[in-house]
Amino acid sequence: MSVGSTWGYRIRSFVLALVVFIMMIELPTLLSAVVLDFVETVSIQWGGYEAYAAAFTYLSSNPNVFSAVVYLLFGIVVFAWVLVMRRRGSRIAEDAADARAVGEQAANAASAPAAQLGFASPAPEPPAQVSFRVRGVPRAVWFDAVLLALGMQFVTTLLMTLVLLLFPAAMEEYRSMIDASGVSEYGIAWFLATVVLPPIVEEMGFRGLGLTYLKRAGVPFAVANVLQAVAFGIFHMNLTQGIYTCVLGLFMGYAAHASGSIVPVMLLHAVYNFMGTMGQELLYAVAPWMPYWFEVGLGVVLVIVAVLSLRDRGVHYPRS
């Protein structure tokens with residue numbers, strides 16, 4: 001029997017999953033406004049409007065610094081939620097184990113079969129938890145995560161080509177956003193804002209909290225994976241990114257599901273983001289001869305190999 005076998009518990013878990021997805025989508029915008037308001041208030045109080053103009057100019061010229069600060073605050077909120085979830089889940093599991101122990105002691109004291117006294121039911125299954133497990137994850141899983149990241153980067157090229165053909169205005173909007181985002185301004189701030197913080201924060205939210213709450217709600221994995229992937233696509237707030245990150249989210253969800261931990265998926269996400277920026281430039285510098293059809297074909301092959309390999313690891317939801 002599961003701790004979350006009641007309908008009330010399942011409904012609450014499903015609602016919490018939706019709240020997580022809404023929080024993940026809306027919180028970055030809210031935190032961006034908070035950071036800007038804080039900079040405005042502090043700079044004006046300390047140095048007047050000239051200081052505010054200088055601070056605003058700095059943030060506008062260094063979008064990676066701004067993104068890193070927002071993601072850091074974002075990560076604090078998400079990680080705090082994960083901690084609360086894990087502590088409450090551990091407390092529920094401990095209470096269930098204590099109740100079972102008390103029942104067994106009462107049965108033994110009465111010198112009667114536990115089954116006759118109603119204490120022989122198996123210990124309730126503890127609620128699913130967000131897992132940061134590293135030890136015990138097969139080495140092949142880490143290799144599969146890298147393969148999947150590389151393959152999906154190439155497949156993204158195909159998806160963006162389709163977007164260009166079907167929605168040229170959306171592709172133009174995407175290019176303008178990328179030009180203003182600072183993703184090609186490499187440095188420490190870029191590394192934090194692109195390769196480090198987004199994979200950690202987004203995986204804790206979407207593949208961590210989101211999938212885990214859906215597991216507690218009893219939602220089949222196939223449905224849960226689609227829900228979190230769609231939310232992940234919406235999170236990026238533009239059609240082009242929304243399409244390819246939704247597809248990417250499906251594979252990330254499967255990787256978390258198969259590995260039983262969100263840490264390999266953080267690696268997958270980090271490699272994907274790196275390859276989408278600096279890695280892509282390095283690749284084209286080393287292999288400018290690579291034709292489009294070869295790039296897409298290689299991506300498809302790598303994705304298939306990684307998925308088949310992950311399938312052999314034993315598919316299950318992330319657990320603690």
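In terms of other Cβ atoms within 10 Å, 90, 67, 184 run from fewest to most in the order 184, 90, 67.
Quick check for me: using +1 on Lys/Arg Cβ and -1 on Asp/Glu Cβ, what's the dipole size of the chain about its Cα centre, in debye to the nearest 20?
On the way: 17 positive and 19 negative charges, 258 e Å.
Dipole size: approximately 1240 debye.
Here the residues 57, 156, ranked from fewest to most Cβ neighbours within 10 Å of their Cβ, fall in the order 57, 156. Relative to the longest principal axis of the Cα atoms of the chain, the long axis of helix 221-235 makes an angle of roughly 30 degrees. Backbone N atoms of the range 49-73 closer than 16 Å to the 7 Å Cα→Cβ label point of residue 41 belong to residues 52. Neighbour counts of C-beta atoms inside 10 Å place 290, 152 in the sequence 290, 152, starting with the fewest.
For the range 135-145, 3J(HN,Hα) computed residue by residue from phi via the Karplus equation (6.51, -1.76, 1.60; θ = phi - 60°) reads 5, x, 6, x, 4, 4, 5, 5, 5, 4, 4 Hz, glycine and proline entered as x.
Net charge near residue 224: determine it from the other residues with C-beta under 11 Å of the C-beta of residue 224, scoring Lys and Arg +1 and Asp and Glu -1. Let's see the in-between values first.
On the way: positive: 207, 215, 216; negative: none.
The answer is +3.
Using only DSSP helix segments of four residues or longer, with each worth -39500 (n - 2.57), what per-residue ellipticity at 222 nm results for the chain after dividing by its residue count and rounding to 500?
Numbers: 12 runs with 235 residues, N = 320.
When only DSSP H runs of four or more count, the value is -25000 deg cm²/dmol.
Residues with beta-carbon under 14 Å from that of residue 301, excluding residue 301: net charge, scoring Lys, Arg +1 and Asp, Glu -1? Cβ neighbours under 14 Å give a net charge of -2. In order along the range 185-196, the Karplus-derived 3J(HN,Hα) couplings, from 6.51 cos²θ - 1.76 cosθ + 1.60 at θ = phi - 60°, round to 9, 6, x, 5, 4, 4, 4, 5, 7, 10, 9, 9 Hz, and Gly and Pro are given as x. Once mean projected area of the Cα convex hull in nm² is calculated for the structure shown, the corresponding label among [x] 17.0; [y] 25.3; [z] 21.3 turns out to be [z].
Karplus-derived 3J(HN,Hα) values for the range 49-65, using 6.51 cos²θ - 1.76 cosθ + 1.60 with θ = phi - 60°, are 5, 5, 5, 5, 4, 5, 5, 5, 5, 5, 5, 5, 7, 10, x, 5, 5 Hz; glycine and proline are entered as x. Does anyone have the angle between helix 292-311 and the longest principal axis of the chain? Alpha-carbon axes, 0 to 90°, nearest 10? Between helix and principal axis, roughly 10 degrees. Please state the shape class of the range 143-195: rounded when a/c is under 1.5, otherwise prolate if a/b exceeds b/c and oblate if not, all from the C-alpha gyration tensor. Oblate. Which residues among the range 231-254 fall inside the zone where the amide N is under 12 Å from a point 7 Å beyond the Cα of residue 177, along Cα→Cβ? Counting only backbone N, you get 233-246. Taking a ≥ b ≥ c as the square roots of the eigenvalues of the Cα gyration tensor of the range 163-229, is the shape rounded (a/c under 1.5), prolate (a/b larger than b/c) or oblate? Taking the square roots of the gyration eigenvalues as a ≥ b ≥ c, the range 163-229 is oblate.
Place a label point 7 angstrom from the Cα of residue 77 along the Cα-to-Cβ direction, then list the residues of the range 223-265 whose backbone nitrogen is under 18 Å away. Counting backbone N atoms under 18 Å from the label point, the list is 231-237. Within the listed set 212, 157, 245, the Gaussian network model of the chain (springs between alpha-carbon atoms below 10 Å) gives the highest mean-square fluctuation for 157.
Quick note: the coordinates plus some simple rules give every number you see, no bench work behind them. Worth saying up front: this structure is predicted, and the values here are computed from it rather than measured. Note that each Cβ is placed from the backbone with ideal geometry, even for glycine, and that neighbours are counted across all protein chains shown.
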